[in-house]
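So the structure is just underneath, and the comments pick up after that.
The values are calculated or read from the model by the stated rules, or taken from the named source; none is laboratory data. This is a predicted model, so every value here is computed, not measured. When we count neighbours, we look across all protein chains shown, and the Cβ atoms used for this are built from the backbone with ideal geometry, even at glycine. Just the protein is used for accessible areas: all its heavy atoms, side chains included, with ligands, DNA and RNA removed. Shrake-Rupley method; radii C 1.70, N 1.55, O 1.52, S 1.80 Å.
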Amino acid sequence: MALPQLSNRAARAVFMQRHALLEPPAGGAKGAELLDLIHRLGFVQLDSINTVARAHDMILYSRRPTYRAGNLKRLYERDRALFEHWTHDAAVIPMEFYPHWHLRFQRDAAELKARWKNWRRDGFEQQFEAVLQHIRDHGPVCSSDVGKDERKGSGGWWDWHPSKTALEYLWRSGALTVIGRDGFQKRYDLTERVIEQHLCPGNLPCDPNETVGWLCNAALDRLGFATSGELAAFWDTVSPAEAKEWCNSALIKGELEEIEVECANGQSRKLFARPGISTHAETLPPAPGRIRALSPFDPMLRDRKRTERLFGFHYRIEVFVPAPKRTYGYYVFPLLEGDRLIGRIDMKAHRDCGELRVKALWPEQSVRWSDARTKRLESELERVRRFTGTERVIFAGNWLKEAK
């Protein structure tokens with residue numbers, strides 16, 4: 001019996017709809033409406049690089065143009081509607097999901113203790129009680145508030161002193177909670193002071209099977225279709241073996257079906273999806289035609305291989321690539337138009353002189369860059385200019401490059 005099929009265009013529509021990019025960018029961008037958006041995405045990755053705006057702000061702005069950075073800060077630090085922890089990287093996550101992070105706390109506790117012992121972290125375990133007592137006595141701390149007399153290793157910025165390592169370990173394993181950031185430096189407090197008592201680790205039973213099921217279901221809800229490995233990678237808590245077992249069990253129960261999804265190159269892949277996804281795809285509207293600049297850490301781009309399969313768009317961030325070896329630039333933003341990724345742009349907000357400077361734009365090989373596209377790009381850059389608080393957009397003399 002032939003498997004249900006999703007054309008490449010239908011697959012892109014489903015994927016974009018799950019990532020809140022299929023509807024026009026509009027709507028409320030604060031309070032409950034902003035929380036609903038983050039709930040829909042699952043989490044928002046945090047990143048410190050601020051060439052135009054920080055990644056988390058750019059992610060939310062690209063979907064809700066009235067969004068401003070203070071909106072997320074209030075939701076996180078004042079309203080406590082979000083908590084910060086790790087998925088594949090540091091992220092803010094709806095507080096509603098907190099009970100499902102107890103398994104992550106347990107697994108991080110075991111994994112990090114073993115890994116960090118071999119990473120020049122000797123002595124950090126002996127600092128646990130001293131760090132906790134300092135916070136009990138003095139309130140929330142940043143890493144600069146502890147271990148002032150301890151020597152840091154010589155391995156670079158990541159080679160923390162023992163008390164800094166203890167802070168991170170106690171956070172990752174659940175004893176501490178990050179309550180906000182000063183600049184981009186985390187502030188830690190005792191979890192029992194921040195999280196409702198009945199939800200704190202140790203007070204709420206942790207059923208690994210229940211958590212694995214919730215995480216796999218929640219990942220599939222946000223991906224639309226996936227391999228078991230993609231489900232495991234979404235939250236980065238479930239193991240590939242656990243995700244595979246969950247998929248096989250759900251398939252037997254009729255909760256999943258296998259489908260054939262057409263990739264951008266015409267090949268097909270067998271994936272898991274909810275029953276009826278092909279019918280659902282037929283009801284989805286076309287994507288908005290306007291051009292949008294996306295953060296390199298946008299949820300739609302997070303899985304680079306999946307992005308390339310669905311959109312035929314190869315992307316890597318070149319922050320850590322030496323300048324002479326970069327193909328494009330230090331921090332280049334993908335451009336979305338309709339349901340296509342049409343190019344990438346190198347731009348930076350120079351707030352000291354009020355300029356959003358466009359250094360270069362590279363269209364994809366299949367895209368003819370017309371005057372109409374330039375006008376749509378100018379409209380998007382004007383929106384980005386307002387978002388960044390700069391006064392004007394400046395183009396370099398040779399900003400439009402040949403496709404690579």
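For this structure, a couple of remarks:
- Residue check for LEU220: open to solvent by less than 10 Å² (accessible area, probe 1.4 Å) and in contact with a Cys (Cβ under 7 Å, 6 or more places away or on another chain): no
- Filtered by the rule that a residue be open to solvent by less than 10 Å² (accessible area, probe 1.4 Å) and out of contact with any helix residue (DSSP H, G or I) (no Cβ under 6 Å at 6 or more places or on another chain), the stretch 180-192 gives a lone residue, THR191.
- Restricting attention to the stretch 318-337, the residues that are closer than 26 Å to CYS263 by Cα and surrounded by fewer than 16 Cβ atoms within 10 Å (Cβ to Cβ) total 1.
- Test: residue in the stretch 277-299 that is open to solvent by 60 Å² or more (accessible area, probe 1.4 Å), more than 17 Å from the chain's Cα centre (by Cα), without any contact (Cβ under 8 Å) to a residue 60 or more places away in the chain and farther than 15 Å from ALA13 by Cβ: no
- Residue within the stretch 28-42 that is assigned to a loop (DSSP other than H, G, I, E, B), under 27 Å from PRO275 (Cα atoms) and modelled with pLDDT of 95 or more present: yes
Every residue, every condition in (1) open to solvent by 40 Å² or more (accessible area, probe 1.4 Å); (2) of a type in the set (A, V, I, L, M, F, W, C); (3) free of Cβ contacts under 8 Å to residues at least 40 places away in the same chain; (4) touching a Pro at 6+ places or on another chain (Cβ under 9 Å), yes or no:
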residue	(1), (2), (3), (4)
LEU60	no, yes, yes, no
ALA81	no, yes, no, yes
ASP89	yes, no, no, no
TYR98	no, no, no, no
HIS102	no, no, no, yes
ALA109	no, yes, no, no
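- Out of LEU6, LEU21, one residue alone is over 17 Å from the mean Cα position of the chain (by Cα) and surrounded by 16 or more Cβ atoms within 10 Å (Cβ to Cβ). It is LEU6.
- Put simply, of PHE320, PHE313 the only residue that is in a loop (DSSP other than H, G, I, E, B) and within 23 Å of ARG269 (Cβ to Cβ) is PHE313.
- Any hit, the stretch 270-289, residues being over 20 Å from GLY224 (Cβ atoms) and out of contact with any Cys (no Cβ under 6 Å at 6 or more places or on another chain): yes
- The stretch 235-258, subset farther than 20 Å from LEU112 by Cα and within 23 Å of the chain's Cα centre (by Cα), residue surrounded by the fewest Cβ atoms within 10 Å (Cβ to Cβ): GLU242
- Residues of the stretch 182-196 classified as in contact (Cβ under 8 Å) with a residue 40 or more places away in the chain and of a type in the set (D, E, K, R), total: 4
- Test: residue in the stretch 362-384 that is in contact (Cβ under 8 Å) with a residue 12 or more places away in the chain and part of a strand (DSSP E or B): yes
- Residue in the stretch 195-215 that is buried (at least 17 other Cβ atoms within 10 Å of the Cβ) and part of a strand (DSSP E or B) present: yes
- Residue identified as assigned to a helix (DSSP H, G or I), touching a strand residue (DSSP E or B) at 6+ places or on another chain (Cβ under 8 Å) and not charged (D, E, K, R) among PRO99, PRO25: PRO99
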